[in-house]
Amino acid sequence: MTGRLLGERLGRVQFWVIFAGFNLAFFPQHYLGAMGMPRRIYTYPTDAGWTAGNFASTAGAFGIGVGVLLFIVNAWQSLRRGAPAPADPWDGRTLEWRTSSPPPAHDFDTIPPVYGRDSFWREKHGPRRGAPPTASHAPLHVPAPSHWPVMIALGMGIAAVGALTHVSIVVIGVLWTIWGIVRLALEHHRTHAHADQTGVLGLDHRKMAMWVFLGSECFFFGTLVATYLAYKGRSVVGPAPHEILNIPVTTVSTFDLLMSSLLMVLALAAVQRGDRRQARLWLFGTAVFGLVFLGFQAYEFTEFVHQGFTMQQNLFGSTFFVLTGLHGTHVAIGVLWLLSLWVLALRGRLGVADAVKVEIAGLYWHFVDVVWIAIFTLVYLIP
Amino acid sequence: MSDAPRDGEHPTVGTYVRVALVLTVVTALEVGVIYVRRLAPIVIPLLLAMSAAKFALVALFFMHLRYESRVLTFLFVGPLILASGLAVALMTLTGAFLVFGR
């Protein structure tokens, strides 16, 4: 990884320290368990006879810690003045040893010859059985290293810290994450190697991946709807669905979402025929209709809470808010997606060649629509 | 039943608008039938049928499944059937399915 060898002597010391520490830490636990000590307790009575064993375990745990510390020292020394590592220092068997040292970020620039299992060993020592080596000299396209995934992970970490502390930190973490996702998505937006994604079935990989994802979403919403229906009419206290659901208002929001799907296909048709003005208009329109739907949902939820109907109220509340809230989250993600496409369109970066990107966003959007078609009937209309 | 993409045909803007009109009319019918007392005995199957029709219209025309490779239909409809089966099974197990009584 670094092109340097670790120190052999310190490495051996580290191995034995960790080996001894590990066994000292875990072996007494077998006896302690046989003596009746329960697992996963943070303290124990002093008169139970478990003290000596646990003391040994603690000493062993410190031993593991010292071993890890030795590794860190060894790695640090190796980085500073370690002997240069040759490409194949231990006469390796498998292909990862075939690359140079230190290896490039993605190991190989061209596909290496493959002689079967333990390919590199066979290449060096024979017999070279199996498939004939098919070394390809065509450049192998692998996305360049990006720091955006690290930024996304950091954003999620901040959101997680916020979940334990304060909701404002969650908002910062989520915004950070979304920013990272958008930047990662746009990083290779115009990379030529990404233009053609047609697979062996003659289908675009991205489109196929979206359909697979939508298939998994069927399970996601299927289980939520089933849970809602399974608990329907079983709440011990009120309100019941027919006492609180506002069908006329939801009918309007349903109509709004259906019409947003129409605008979405109009946007796709405009991008496909290269009509930039209409593409911008319909993409923005779809996002606005999505926002209107979210506004209706926010109004509905607020009304419910004012009437004392919350997630904790009864089984109906728990299942209703989880189902419709997660659907609303999907709509919100769709709106962000549509707005990012709209910004691309505004900057003139959404041409005919990018139609598949709009089509994939459209598939997601229509799926959100069909899920609402089902929810509207099953939750709101069926008495 | 060919696996080749049927990219030759494409829905026109007119088709999209007609589908949206049908969706609007069916939604209005859905909301209408729940207020018709005489339809009460068949209202649930009626609503389910209309909802399924809307679902199919959006999937076939707006999501282009009608014009796409059957592979994509399989990728979506397969899990959809399994998920529906899962929902029916869950409701049956918890005794929520009125067909089986409580």
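The values are calculated or read from the model by the stated rules, or taken from the named source; none is laboratory data. Note that the structure is predicted; figures quoted are calculated from it, not measured. Ideal geometry is used to build each Cβ from the backbone, glycine not excepted, and the neighbour counts take in all protein chains shown. What goes into the accessible areas is simple: the full protein's heavy atoms, side chains included, and nothing from ligands, DNA or RNA. Shrake-Rupley method; radii C 1.70, N 1.55, O 1.52, S 1.80 Å.
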Original post:
Want the number for A:HIS125 to A:TRP148: 0.36 nm per residue separation, take away the alpha-carbon distance, what's left?
Top reply: 4.0 nm
**OP:** May I ask for the distance between the Cα centers of region A:168-202 and region A:72-118, given as a whole number of Å?
**Re:** 31
Original post:
Quick one: helix A:8-34 against the long Cα principal axis of chain A, what's the angle to the nearest 10°, folded into 0 to 90?
Top reply: 70
Original post:
With the other protein chains left in place, how much accessible area per residue, in square angstrom, belongs to chain A at a 1.4 angstrom probe?
Top reply: 56
**OP:** At 0.36 nm per residue, minus the direct Cα-Cα distance, what do A:GLN272 and A:ALA332 gain on full extension? Give it in nm, one decimal, please.
**Re:** 19.1 nm
**OP:** Would you kindly work out the equivalent ellipsoid of the protein assembly as shown from its C-alpha gyration tensor and give its semi-axes, the square roots of five times the eigenvalues, largest first in whole Å?
**Re:** 52, 37, 23
Subject >> Cβ neighbours within 10 Å from other chains - mean over B:35-45 >> reply: 1
Original post:
How big, on average over all directions, is the shadow cast by the Cα convex hull of region A:146-188, in nm²?
Top reply: 2.4
Original post:
Which angle from 0 to 90°, rounded to the nearest 10, does the C-alpha axis of helix A:167-187 make with the longest principal axis of chain A?
Top reply: 80
**OP:** Scan around A:ARG4 for amide H atoms under 5 Å from its own, H built in the peptide plane at 1.01 Å from N, and keep only partners 5 or more places away or cross-chain.
**Re:** A:ALA85
Subject >> Residue-wise HN-Hα coupling along region A:151-162, computed from phi with Karplus coefficients 6.51, -1.76, 1.60 (Hz; x: Gly, Pro) >> reply: 5, 5, 4, 5, x, 5, x, 4, 4, 5, 4, x
Subject >> Set of lysines near A:LYS232 by C-alpha distance (under 30 Å), chain-local residues within fewer than 8 positions excluded >> reply: B:LYS54
Original post:
What spacing in nm lies between the two simple spin-label points modelled at A:ASP109 and A:MET156, each 7 Å away from Cα in the Cβ direction?
Top reply: 3.3
Original post:
What are the ³J(HN,Hα) values, in whole Hz, obtained from phi via the Karplus relation 6.51 cos²θ - 1.76 cosθ + 1.60 with θ = phi - 60°, for each residue of region A:370-383 in sequence order, with x given for Gly and Pro?
Top reply: 5, 4, 5, 4, 5, 4, 4, 6, 6, 8, 8, 8, 5, x
Subject >> Using alpha-carbon coordinates, inclination of helix A:315-346 to the longest axis of chain A, degrees >> reply: 90
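What total accessible surface area, summed over both chains, is buried at the interface between chains A and B, computed with a 1.4 Å probe and given in Å² to the nearest 100? The partial results should precede the final answer.
Values: alone 23250 and 7790 Å², together 27250 Å².
The buried area between A and B, both sides summed, comes to about 3800 Å².
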Original post:
Share of region A:266-383's accessible area from carbon and sulfur, percent, 1.4 Å?
Top reply: 67
Original post:
lysines near A:LYS357 by alpha-carbon distance under 21 Å, same-chain residues fewer than 8 away left out - which ones?
Top reply: A:LYS207
Original post:
Name the residues of region A:190-224 whose accessible area falls by at least 50 Å² when all protein chains are present instead of the chain alone, probe 1.4 Å?
Top reply: A:LEU203, A:TRP211, A:CYS218, A:PHE219
